[in-house]
Structure formats: structure tokens, C-alpha cells
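So the structure is just underneath, and the comments pick up after that.
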Amino acid sequence: MQKVAILGLGIMGNGMAHNLLKAGFALTVYNRSREKAAALEAAGAQVADTPKAAAESAELIVAMVADDAASRSVWLGDDGALAGVRSDTLLIECSTLSTGWVRELAELAGRRGCAFLDAPVTGSKPVAESGELGFLVGGDAAALERARPVLEAMGQRINHLGPVGSGAIMKLINNLMGGVHVAVLAEGMLLAEQAGLDMQQVVTLLSNGAPGSPMVKGKAPRIAARDYDTHFALRWMHKDLSYALDEASRHNVPLPTVAAAREIYRLALGQGFGDQDFAAVTEALRPKPE
Ligand code: NAP
């Protein structure tokens with residue numbers, strides 16, 4: 001079995017790492033806060049002190065961290081993974097990132113002789129845990145075939161979009177729509193609540209009616225219950241909408257609806273909801289008692 005390293009053991013990386021272990025890969029893990037590696041260590045993973053140390057023993061490296069800054073920090077610098085790779089190591093960036101940084105990272109990987117894929121994921125915490133993620137892959141088809149056994153240990157749907165950066169842009173489009181869905185769901189549900197409707201009935205009607213996207217179906221019952229246990233942190237949705245707006249401005253595509261939604265998430269961030277599930281955007285809009 002291939003030797004795999006995973007960098008980042010947050011909500012998503014943790015589930016992905018457990019599934020790599022279950023599939024029998026020899027796994028080395030790195031996380032900035034080492035305590036998050038304890039359960040994986042107990043389950044048989046090696047824990048590395050730096051991304052570089054994790055990379056040194058790996059044939060394939062998966063990164064799953066927060067944003068561009070986090071990705072830079074695990075790949076670059078004296079302790080970064082790029083300092084530890086061999087020329088035949090395959091690098092896979094699964095974090096949701098800007099296309100600019102993904103292409104820069106692919107270029108840096110290429111200078112070390114390494115193949116690179118951007119492979120951001122669809123699906124949230126439960127899907128990462130159950131090994132049913134979708135992958136949106138950009139990069140070379142031959143590199144994807146090398147990566148396939150590892151991706152299949154963590155997910156079910158592997159979609160090849162095109163060259164490096166194609167996975168990243170598809171992921172931003174996916175999330176800009178998801179972010180807008182939940183912001184407008186919050187508005188609709190608050191109006192229903194203030195108008196005195198039966199919220200269980202509202203959830204059923206919205207979920208089963210024309211607006212009932214998978215996103216609405218998943219979030220409506222949680223908003224009704226004010227259950228904001230984090231599956232996808234609000235601060236990362238704000239990040240994704242920001243990357244999407246930057247990307248769109250480079251293509252001269254107006255995204256006024258996304259811009260408005262991003263402002264609502266910014267408001268919620270400012271009110272301290274950043275670490276809660278992004279459905280907590282509802283609380284930032286909830287009318288305050290007179
Ligand atoms: P998370 O639980 O907040 O975990 C973030 C990870 O990034 C942690 O390992 C964290 O390390 C690390 N990190 C943050 N800043 C860092 C820095 N400056 N240097 C090094 N490491 C840093 O987030 P998540 O939900 O797993 O999301 C990870 C990525 O997947 C994000 O790009 C997100 O947009 C994307 N994503 C998430 C979901 C979802 O539903 N959760 C779905 C699809 C895609 P510490 O533990 O030390 O903080």
C-alpha cells in the first residue's frame with residue numbers, strides 16, 4: 001500500500017484520515033495543533049512534528065486545511081511539506097482555496113518534479129466521516145489515476161474537471177450557490193417565524209417544494225431547531241464567497257447576489273458566529289426584541 005501523509009486534521013481532515021487508515025494505507029499525519037492527532041495516533045497513524053517531516057516518508061500527500069494562508073503555511077518554508085518531498089511524490093490539495101494560489105502551488109510542485117492535483121471536496125462532516133466525499137479534480141489525468149486508490153478510500157464521486165485550477169473554480173461555484181441558498185433560507189425562515197407560522201410545517205413545505213435543494217433540506221430543520229453544531233464553519237463560507245468574488249472580478253462576471261450574501265456572512269462573523277455552522281447566519285439577521 002502507498003505511504004500517505006495528510007496535513008490538517010480539522011473537521012474534514014480528521015474524517016478523511018480515519019478512512020485512509022481503515023483502507024490500510026500507511027499514514028503519517030500532521031496538524032498545527034498536535035492534540036487533534038491523538039485519536040489517529042491511537043488508531044495506528046504516525047504523527048509528524050512538521051509538514052516537512054510528514055512529507056519525507058510519503059509517496060502521496062493530501063492537504064486539507066482552512067484557507068490560502070493555512071495552505072501556504074503547510075507547504076512552504078523550511079518546515080513546509082515542499083521541503084521534504086521527493087521528485088516522485090504526488091501532491092493533492094483538497095482545501096477550498098483561491099485559484100491563484102492553487103496555480104502558484106502547482107508551479108512550485110512542478111519545480112520539484114512533483115505531480116500536483118487540486119481536488120477540493122463536496123460533502124460535509126458526516127460525509128467525510130463515512131468516506132462518501134465527492135472530489136472536484138484539476139490536473140493531469142495520469143496523476144489522477146495514481147491518486148485514485150487514495151481518493152476512493154475517502155470518497156465516492158471523482159470528477160475530473162480539466163487542468164490545474166479547474167477543481168478549485170468548480171468548488172467556488174458550488175459554494176457560492178450554497179452560501180446564497182442558506183442566506184436566503186435564513187431570511188425566509190425568519191419571516192415565517194415572525195409571522196407566526198408553524199415551523200415544522202414550514203420546514204416540510206420548503207424541503208419538499210421547489211426551493212428544496214439538498215442544502216435547504218439539510219439546513220432548514222437545523223435552523224428551526226437553532227442547532228448550529230459546526231459541520232462547516234461560517235468563517236470558511238465567508239472565505240469561499242470572498243474567493244469566488246475575487247475570481248469573478250478577474251473574469252469580469254458580476255456576482256451581485258453573492259456580494260450581498262457575503263456581506264450577511266461578514267455581519268455574522270462580526271457578531272461572533274464565525275466558529276459555528278454557517279447556518280448560524282440566521283442569528284445575525286434575527287430581529288432583536290424591542
Ligand atoms: P477546520 O475544522 O476549521 O480545520 C481547519 C484546519 O486548518 C485545521 O487542521 C487547522 O489547524 C488548519 N489551519 C488553520 N490555519 C492554519 C495555519 N495558519 N497553519 C496551519 N494550519 C492551519 O476546517 P474544515 O471544516 O476541516 O475545512 C478544511 C477545508 O475544507 C477548508 O478549506 C474548507 O473550506 C473545506 N471544506 C470544508 C467542508 C465542511 O463541510 N467542513 C466541506 C468542504 C470543504 P488547527 O487544528 O491547528 O487549527
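The values are calculated or read from the model by the stated rules, or taken from the named source; none is laboratory data. Note that the coordinates shown come from a computational prediction; the quantities given were computed from them, not determined experimentally. We place every Cβ from the backbone using ideal geometry, glycine too, and count neighbours over all the protein chains shown. Just so you know, the surface numbers come from the protein's heavy atoms only, side chains and all, with ligands and any DNA or RNA stripped out. Shrake-Rupley method; radii C 1.70, N 1.55, O 1.52, S 1.80 Å.
For the reader, a short list of remarks on this structure follows.
- Kirkwood Rh (inverse of mean 1/r, distinct Cα pairs), segment 94-166, angstrom: 12.4
- By the Kirkwood approach, averaging reciprocal distances over each pair of separate Cα atoms, segment 45-113 gets a hydrodynamic radius of 12.0 Å.
- Kirkwood radius, the chain, all distinct C-alpha pairs, inverse of mean reciprocal distance: 19.7 Å.
- Folded to 0 to 90 degrees: helix 141-154 orientation relative to the chain principal axis, Cα: 60
- Net +/- balance of residues flanking LEU144 in space, Cβ distance below 13 Å, scoring K and R +1, D and E -1: -2
- Projected onto their three principal axes, the Cα atoms of segment 131-177 cover extents of 30, 24, 9 Å, largest first.
- Only Cα pairs under 8 Å and 6+ residues apart enter the sum, and on that basis the relative contact order of segment 26-168 stands at 18 percent.
- Average Cα contact separation per residue, segment 95-190, under 8 Å, 6 or more apart, as relative contact order %: 29
- Kirkwood hydrodynamic radius over Cα pairs of segment 249-290, then Stokes diffusion coefficient at 4 °C and 1.567 mPa s, in µm²/s: 112
- D (Stokes-Einstein, µm²/s), Kirkwood Cα radius, segment 142-290, 0.692 mPa s at 37 °C: 195
- Selection from ALA153, GLY188, ALA210, by position along the positive dipole direction of segment 97-228 (Cβ): ALA153
- Of interest is the spacing of the C-alpha centroids, which for segment 34-113 and segment 195-225 amounts to 39 Å.
- Neighbourhood net charge (14 Å Cβ-Cβ; Lys/Arg +1, Asp/Glu -1) for TRP236: +1
- Rounded to 5, percent antiparallel among DSSP beta bridges of the chain: 15
- Prolate/oblate/rounded label for segment 1-116 (Cα gyration tensor, a/c 1.5): prolate
- Modelled FRET efficiency - R0 51 Å, LYS3 with ALA195, Cβ distances, 0.05 increments: 0.30
- Segment 104-221: Cα Rg divided by the 2.2 N^0.38 Å rule of thumb: 1.40
- Nearest 10 degrees, 0 to 90: helix 214-224 Cα axis against the chain principal axis: 60
- Expressed as a whole percent, the accessible area of the chain that falls on carbon and sulfur atoms is 54 (1.4 Å probe).
- Rounded, prolate or oblate (a/c below 1.5 giving rounded, otherwise prolate when a/b exceeds b/c) for segment 1-64 by Cα gyration tensor: rounded
- Length gained when the stretch ALA38-GLU290 is fully extended (0.36 nm per residue, less Cα-Cα span): 85.9 nm
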